[in-house]
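Some notes on the structure that comes next.
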Amino acid sequence: MRNVVDEKEKMEARVKKDIALFEENFSKIEQVRDPEDAKTIELARAYCEDAKFYLEKGDLFTAFGCINYAHGLLDAVRMRKESAGENRRRAEEQRED
């Protein structure tokens, strides 16, 4: 029985850590919000709130899924920004040639 309790405590700690990491990353990406990303960023925030709700209810499986989906949405925004920056850099290089 103790092993089950230990696993539940580990999972709860993991979800809390992921929520804290999301909030840190969210604050960084929100500062450079692009109107094209507003809906995706808002969805990510909503999934984080869902994760907190399910964590409070003790549904760690759903909380873990929600916070990971939230991270994925932020990653998509970040990757789009990086891709746009890379495309701008390439265009500038081509103009210099």
Step by step: first the residues of region 20-39, then only those that are of a type outside the set (A, V, I, L, M, F, W, C) and farther than 13 Å from residue 77 by Cβ, then the one that is modelled with the lowest pLDDT. Which residue is that? 27
Just to be sure before I move on: is residue 50 open to solvent by 60 Å² or more (accessible area, probe 1.4 Å), at pLDDT 95 or above and in contact with a helix residue (DSSP H, G or I) (Cβ under 7 Å, 6 or more places away or on another chain) in the structure I sent? yes
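The values are calculated or read from the model by the stated rules, or taken from the named source; none is laboratory data. Keep in mind the model is a prediction, meaning the values are calculated, not measured. Note: ideal-geometry Cβ built from the backbone for every residue, glycine included; neighbour counts use all protein chains shown. Please note that ligands, DNA and RNA were not included when accessible areas were found on the heavy atoms of the full protein model with its side chains. Shrake-Rupley method; radii C 1.70, N 1.55, O 1.52, S 1.80 Å.
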